[in-house]
Amino acid sequence: MNISHEDKVSMGFEHRRDLCYGEAEFLHFVPLIEAMNPQKGDVFYDIGCGTARPLVVAALAYSNFISKCKGVELLEGLADTAKKCAERTAILSAEAEIENIPAIEIIKGDLFEYDWPKDADLVFCANVLLGDELNERLTDMMAQLRKGVRVAVLNALPQRPYLKKYFQMITRMSWGYHTCIYYEIV
Ligand SMILES: C[S@@+](CC[C@H](N)C(=O)[O-])C[C@H]1O[C@@H](n2cnc3c(N)ncnc32)[C@H](O)[C@@H]1O
């Protein structure tokens, strides 16, 4: 929370509500990924990854399925912290001799400028504070995803012919309970 606030001040983004911070809870995030039905070799993305909690959970809990975890984060301090968490996860898993933990890659930048649809199989976005206009832009980007990709979001997406809602569940985030909505690209 403090890192996010400091980043917003130093980067001149104080007014941006879409960059407000809150994060996933480790144990509650496991069933959230399970409902995305991970398949062998899948690439998992968290677009707006904060300090990388969802990526670490995906790497540790779904190492038999997920081949790579990738996160995009605009705020520099958060992205740097996410990179440290990713490195620490790799070091601790190696020390504990846990094999096949997928690499976690952090991309510092704007999710609306990075081409995440090109290699994503599973996409999570905690889009609670994006607002209508950015949610529309996010949904438009999903037209580039290949058929069969699963998307989990915390705010319903506007209707599109390529989006089929298949599930929803209650999850717990750092700020409390929230509905998670699932779509498949058709
Ligand atoms: C609610 S937090 C969720 C963090 C993380 N996904 C989690 O669930 O633990 C949303 C994150 O998205 C980031 N974010 C918002 N808009 C973004 C954008 N345009 N590009 C990259 N990151 C963005 C924010 O800085 C924040 O870290």
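Could you rank the peptides 169-178, 33-42, 144-153 by their average count of other C-beta atoms within 10 Å per residue, with the highest value first? Walk me through the numbers on the way to the answer.
Numbers: 169-178: 13.2, 33-42: 15.9, 144-153: 18.0.
Order by mean packing, descending: 144-153, 33-42, 169-178.
Of the listed peptides 53-62, 91-100, 126-135, what is their order by residue-averaged count of other C-beta atoms within 10 Å, with the highest listed first?
Most protected by this proxy first, the peptides run 53-62, 126-135, 91-100.
Summing Lys, Arg as +1 and Asp, Glu as -1, what charge do residues with Cβ under 15 Å from the Cβ of LEU163 carry, LEU163 excluded? Provide the component values of the computation, followed by the final result.
Values: positive: ARG137, ARG146, LYS147, ARG150, ARG160, LYS164, LYS165; negative: GLU136, ASP140, GLU184.
Residues near LEU163 contribute +4 overall.
For the chain, give the magnitude of the charge dipole about the Cα centre (Cβ charges: +1 Lys/Arg, -1 Asp/Glu; no others), in debye to the nearest 20.
With Lys and Arg at +1 and Asp and Glu at -1, about 540 debye.
Could you go through the stretch 103-118 in sequence order and give the Karplus-derived ³J(HN,Hα) for each residue, using 6.51 cos²θ - 1.76 cosθ + 1.60 with θ = phi - 60°, rounded to whole Hz, and x for Gly and Pro?
5, 10, 10, 10, 10, 7, x, 8, 5, 7, 10, 8, 8, 5, x, 5
Applying 1/(1 + (r/R0)^6) with R0 = 35 Å to the Cβ-Cβ distance of GLN144 and ASN2, what FRET efficiency is obtained, to the nearest 0.05?
That gives a FRET efficiency of 0.50.
Kindly provide the helix-only [θ] at 222 nm of the chain, computed as the sum of -39,500 (n - 2.57) over DSSP H runs of four or more divided by all residues, to the nearest 500 deg cm²/dmol?
It lands at -9500 deg cm²/dmol.
Quick one: 3J(HN,Hα) in Hz for the stretch 160-169, Karplus 6.51/-1.76/1.60 with θ = phi - 60°, rounded, Gly and Pro as x.
Listing the rounded values in order: 9, x, 8, 10, 10, 6, 10, 6, 8, 8 Hz.
Within 14 Å, Cβ to Cβ, of ASP121, how many net charges do the neighbouring residues add up to if Lys/Arg are +1 and Asp/Glu are -1?
Around ASP121, the surrounding residues sum to +3.
Each label point is 7 Å from the Cα along the Cα-to-Cβ direction; what then is the distance between the points at ASN37 and ASN100, in nm?
With each label point 7 Å from Cα toward Cβ, the separation is 2.1 nm.
Hey, can you grab everything whose amide H is under 5 Å from the amide H of MET173? Only 5+ residues off in sequence or another chain; H modelled, so Pro and N-termini drop out.
Under 5 Å from the amide H of MET173: HIS178.
How high is the relative contact order of the chain, in percent, counting Cα pairs under 8 Å that sit 6 or more residues apart?
22
Under 15 Å between C-alpha atoms is the cut-off here; go through the stretch 2-185 and count lysine pairs that meet it, provided they're at least eight residues apart or on different chains.
Lysine pairs, 8 or more places apart or on different chains, close enough: 13.
Amide H of LEU163 versus every other amide H placed in the peptide plane: which residues, excluding those fewer than 5 positions away on the same chain, fall under 5 Å?
Placed amide hydrogens put VAL186 under 5 Å from LEU163.
What does the charge count around VAL43 come to, taking other residues whose C-beta lies under 15 Å from its C-beta (Lys +1, Arg +1, Asp -1, Glu -1)?
Values: positive: LYS40, LYS68, LYS70, LYS118, ARG146, ARG150; negative: ASP42, ASP46, GLU105, ASP115, ASP119, ASP121.
The answer is 0.
Values quoted throughout were computed directly from the atomic coordinates according to the rules given, and no laboratory measurement underlies them. No experiment lies behind these values; they were computed from the predicted model shown. All Cβ positions, even for glycine, are placed from backbone atoms using ideal geometry, and neighbour counts span all protein chains on display.
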